[in-house]
Amino acid sequence: MLKPMLRAVSLLLLCLGFAACSSVPPPRVESVVILEISPEFMQASDFKRINEFLSGVEEQGNRTVVRSQSDDRRGFYFTLRLDHRVDRLQKGTRIIAEIFTPTQTELQRFDLALPAKRGKSRELLFGLTGTDWPFEDERVPAAWRFTLQDPNGKTLGSAQSYLWN
């Protein structure tokens with residue numbers, strides 16, 4: 001009688017141990033390498049998915065999208081491919097985008113927090129939208145630099161175009 005009870009308690013302790021190990025959050029990302037930046041013009045329709053047609057709410061799936069003007073989707077986007085999944089970045093991580101547009105000689109600077117709900121991919125899309133990008137798809141920004149910062153302002157990673165200097 002005692003032996004089956006010990007076996008059940010041992011099994012319970014073993015299961016609790018596995019559950020405790022599996023609930024440990026992944027280690028905090030201390031640095032990020034921006035492996036590639038791909039610029040492209042995108043229409044608002046490029047972001048529509050079947051769920052949006054049914055619910056009326058934008059669904060980003062595994063993508064993480066940050067827009068200079070969140071209410072407008074049409075614009076010029078930069079896809080930043082990272083060495084870590086975007087959802088592993090700490091809550092409160094910020095993206096700083098510094099961009100020279102085709103017609104402005106002054107630097108445009110955007111400092112935006114990543115959304116609380118982030119996709120599980122390694123791609124982060126930053127979009128110049130609305131009046132921040134009034135051009136059609138044939139125009140391209142002259143130069144850009146992107147920096148990711150943790151909530152304390154520590155730089156996690158940075159990358160720039162070859163014309164930045």
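The numbers here are math on the coordinates, done by the rules we state, and not lab data. Computed from a predicted structure; not experimentally measured. Every residue, glycine among them, receives a Cβ derived from its backbone with ideal geometry; neighbour counts consider all protein chains shown.
Couple of notes before you dig in:
- The alpha carbon convex hull volume per residue for region 32-160 rounds to 100 Å³.
- Qualifying GluC sites (Glu not before Pro) for region 122-165 [loop in DSSP, other Cβ within 10 Å: at most 14]: E136, E138
- Along region 143-156 the Karplus relation, 6.51 cos²θ - 1.76 cosθ + 1.60 evaluated at θ = phi - 60°, assigns HN-Hα couplings of 7, 7, 9, 10, 10, 9, 10, 6, x, 8, x, 6, 6, 8 Hz to successive residues, with x for each Gly and Pro.
- Reachable aspartates and glutamates from K120, criterion Cα separation under 15 angstrom, eight or more residues apart if same chain: E59, D83, D87
- With each label modelled as a point 7 angstrom along the Cα→C-beta vector, the S38-A143 pair spans 2.6 nm.
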